[in-house]
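**Student:** My questions will all concern the structure given below.
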Amino acid sequence: MRRRNFIHSIFWGSLLAGTGFHFRNLQASPFPGSDKRTLVNLLLEGGPDFRHLLVPEFKTDGQSYGNNYWTARATAHRINATNESMEARWKQYLRVEKDGVVFGIHPKAEWLKDMFQAGNVAIINNALHSTTRDHAHSLLVLQSGDMNTGRNDRARSGWGGRLAQLAKGRVISMTPFTKLFCNGEHPTNPLDHDNSSVLSGSQLRQFALYYPEILKTNPDANGSEAVLTRALRSYYEANRKAIPTNSPFYRFVQHEKVLRELSDQLTTRLKSVPVPSGMKTLFDNESSNLVNRGFGLQLRNLYDAFACADILDFRVGSIAYEGWDSHKHQINSIEPKFEDIFGKGKGLDLLFQALQKDMPKAYENLVLVISGEFGRQLMSNGDEGTDHGRGNSILLIGKNVKGGIYGDMFPANEIQRFRRPNEDIRGLTGIDRVFAEVCNWVESGSGDTIFSNHKSSPLEQGLDLGKILS
């Protein structure tokens, strides 16, 4: 066997994070459907500026929020702080009105606007993501869902992993490297984790131990690769019968069996599931219309995970889009990313279209959570960007989301603070408050267990998150 093929087989073998995996031997019919509720978490690493995505209506009144925002943020929008320039920029945005609040959605996020107007997007404002502005620490807090997470608690469990454990299902990680969000809870050590419920799905259509093409048509073929492949399969099969179950080597040979059986099921299923033609434009090297084709590939694998949901016991998905630390030239750095994710005919639009057409049950039972580790400051800096802030917004998207605005979108107390450097959005609602409601929707009653302290976290006055999902 060539060295690269051997390494390839070992690489895929390592994707089963634990050896406690058991998968049902199911029929290969495409789109069997699943009525299980599923959470997909989209992590925007770097601190996304949602105040650039969602902006207030421009006003000429110098004491208004709309005037102070556009004046303080003029350089980030690459305009002069004149009424004419600010109003012209505002008119480029897609105007939306909800419950008396008028705001604009970025013109490159037209799909998001359509989903909001359809009542399928909840915007949770003034979320307290972190008490610091440190990327590494804030990412630990966000993914663990625990505001008390320390700077060095890198082995902690993640709230997605804990949810999957309680839901008796799997976390499927579509990212190249598995995020802390996916880590399950360790049975005894709260500062450690257990990954027996995690499966890497970064290449589900290539999820298989190496098997030479010639063996698929001629099982008795000669040649070094064919002979060695048969020998290895026989070797593991013989050792599974010979090695005592209490031997440390038994886990290794059992791991090979589980992986082989799973890969056979996934390969058979996905052979009958063509990639939707539209979705090919998300990741194909020649025809991709995304800036980040890697994100497009994650979405393709997410679609495949839903197609194999019954095989995988799929309950929690993890995807990510990096590069949101927009200190300089914000228009160039984040607006193309907004379009990749929220644009018409782009990432989420094509994924949701494909799910709605091919797997309507999955579409109906999906909730998407979008957040980053923190937000940006109220005033833009001198480099056409914005610096680290603390509070931010969280987006929930799905058919079961009660769409609307949750929390004060444009707090009056920010008007004076726009004029002072280093001010940021004040976090009034703990992120664990929001995530606990999502978990309760996926698996009834799980929020109290996954976020044991969430009821003591801050909650913006008058805010009710109890009916945000139906």
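The values are calculated or read from the model by the stated rules, or taken from the named source; none is laboratory data. Note that the structure is predicted; figures quoted are calculated from it, not measured. All Cβ positions, even for glycine, are placed from backbone atoms using ideal geometry, and neighbour counts span all protein chains on display.
**Student:** Please state which one of Asp310, Asp340 is under 21 Å from Leu199 (Cα atoms) and surrounded by fewer than 24 Cβ atoms within 10 Å (Cβ to Cβ).
**Tutor:** Asp310
**Student:** Mind checking which residues of the range 80-108 are more than 32 Å from the chain's Cα centre (by Cα) and either crowded, with 20+ Cβ neighbours inside 10 Å or in contact (Cβ under 8 Å) with a residue 12 or more places away in the chain (or both)?
**Tutor:** Those that are more than 32 Å from the chain's Cα centre (by Cα) and either crowded, with 20+ Cβ neighbours inside 10 Å or in contact (Cβ under 8 Å) with a residue 12 or more places away in the chain (or both): Asn83, Met86, Glu87.
**Student:** Are there any pairs with C-beta distances below 9 angstrom linking a residue in the range 188-205 that is surrounded by 24 or more Cβ atoms within 10 Å (Cβ to Cβ) to a residue that is basic (Lys, Arg) and assigned to a loop (DSSP other than H, G, I, E, B), with the two at least 6 apart or on different chains, and if so which?
**Tutor:** Final answer for the pair search is Ser197/Lys168.
**Student:** Let me ask something else. Conditions: (1) part of a helix (DSSP H, G or I); (2) over 17 Å from the mean Cα position of the chain (by Cα); (3) within 23 Å of Ser371 (Cβ to Cβ). Ile311 meets all but one. Number of the miss?
**Tutor:** The number of the failed condition is (3).
Here is a yes/no grid of residues against (1) of a type in the set (Ser, Thr, Tyr); (2) at pLDDT 95 or above; (3) assigned by TED's automatic domain parsing to the domain that holds Phe418; (4) under 30 Å from Ile172 (Cα atoms):
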residue: Trp12; (1), (2), (3), (4): no, no, no, yes
residue: Leu15; (1), (2), (3), (4): no, no, no, yes
residue: Phe23; (1), (2), (3), (4): no, no, no, yes
residue: Leu39; (1), (2), (3), (4): no, yes, yes, yes
residue: Gly46; (1), (2), (3), (4): no, yes, yes, yes
residue: Glu57; (1), (2), (3), (4): no, yes, no, no
residue: Ser64; (1), (2), (3), (4): yes, yes, no, no
residue: Asn68; (1), (2), (3), (4): no, yes, no, no
residue: Thr75; (1), (2), (3), (4): yes, yes, no, no
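**Student:** Follow-up. For residues that are in a helix (DSSP H, G or I) and closer than 27 Å to Glu364 by Cα, tally how many sit in the range 122-143.
**Tutor:** 2
**Student:** If I filter the range 446-458 for residues that are within 18 Å of Arg315 (Cβ to Cβ), surrounded by 20 or more Cβ atoms within 10 Å (Cβ to Cβ) and touching a His at 6+ places or on another chain (Cβ under 8 Å), do I get at least one hit?
**Tutor:** Yes; the residues of the range 446-458 include at least one that is within 18 Å of Arg315 (Cβ to Cβ), surrounded by 20 or more Cβ atoms within 10 Å (Cβ to Cβ) and touching a His at 6+ places or on another chain (Cβ under 8 Å).
**Student:** Okay, next question. Anything in the range 109-146 that is surrounded by fewer than 20 Cβ atoms within 10 Å (Cβ to Cβ) and hydroxyl-bearing (Ser, Thr, Tyr)? List them, or say none.
**Tutor:** Of everything in the range 109-146, those that are surrounded by fewer than 20 Cβ atoms within 10 Å (Cβ to Cβ) and hydroxyl-bearing (Ser, Thr, Tyr) turn out to be Thr131, Thr132.
**Student:** Oh, and also: If you check Lys98, Lys108, which single one turns out to be modelled with pLDDT of 95 or more, touching a strand residue (DSSP E or B) at 6+ places or on another chain (Cβ under 9 Å) and not hydroxyl-bearing (Ser, Thr, Tyr)?
**Tutor:** So the residue among Lys98, Lys108 that is modelled with pLDDT of 95 or more, touching a strand residue (DSSP E or B) at 6+ places or on another chain (Cβ under 9 Å) and not hydroxyl-bearing (Ser, Thr, Tyr) is Lys98.
**Student:** Taking the stated definitions as given, is Thr268 of a type in the set (Ser, Thr, Tyr) and part of a loop (DSSP other than H, G, I, E, B)?
**Tutor:** For Thr268, the condition - of a type in the set (Ser, Thr, Tyr) and part of a loop (DSSP other than H, G, I, E, B) - is not met.
**Student:** Anything in the range 109-148 that is under 20 Å from the mean Cα position of the chain (by Cα) and basic (Lys, Arg)? List them, or say none.
**Tutor:** Matches in the range 109-148: Lys113 only.
**Student:** Residue check: is Asp35 surrounded by fewer than 23 Cβ atoms within 10 Å (Cβ to Cβ), of a type in the set (D, E, K, R) and over 23 Å from Leu368 (Cβ atoms)?
**Tutor:** So Asp35 fails the test.
**Student:** Hey, among the residues in the range 210-226 that are of a type outside the set (Asp, Glu), surrounded by 14 or more Cβ atoms within 10 Å (Cβ to Cβ) and out of contact with any Asp or Glu (no Cβ under 7 Å at 6 or more places or on another chain), which one's farthest from Ser263 (Cα to Cα)?
**Tutor:** Across the range 210-226, the extreme among qualifying residues is Ala221.
**Student:** Quick one: in the range 375-423, which of the residues that are farther than 18 Å from Leu54 by Cα and under 19 Å from the mean Cα position of the chain (by Cα) is surrounded by the most Cβ atoms within 10 Å (Cβ to Cβ)?
**Tutor:** Per the criteria, the residue is Gly398.
**Student:** Same structure again: Which residue is farthest from Thr38 (Cα to Cα), if the candidates are limited to the range 366-386 and must be in a strand (DSSP E or B) and β-branched (Val, Ile, Thr)?
**Tutor:** Checking each candidate, the answer is Ile370.
**Student:** Of Leu139, Leu112, Leu166, Leu128, which residue is closer than 18 Å to Pro190 by Cβ and in the same structural domain as Asp387 (by TED's automatic domain parsing)?
**Tutor:** Leu166
**Student:** Next question, about the same structure. Considering (1) in contact (Cβ under 8 Å) with a residue 40 or more places away in the chain; (2) of a type outside the set (Asp, Glu); (3) farther than 19 Å from Leu465 by Cα; (4) in a loop (DSSP other than H, G, I, E, B), say which one Gly119 fails and leave the rest.
**Tutor:** Every condition holds for Gly119 apart from (3).
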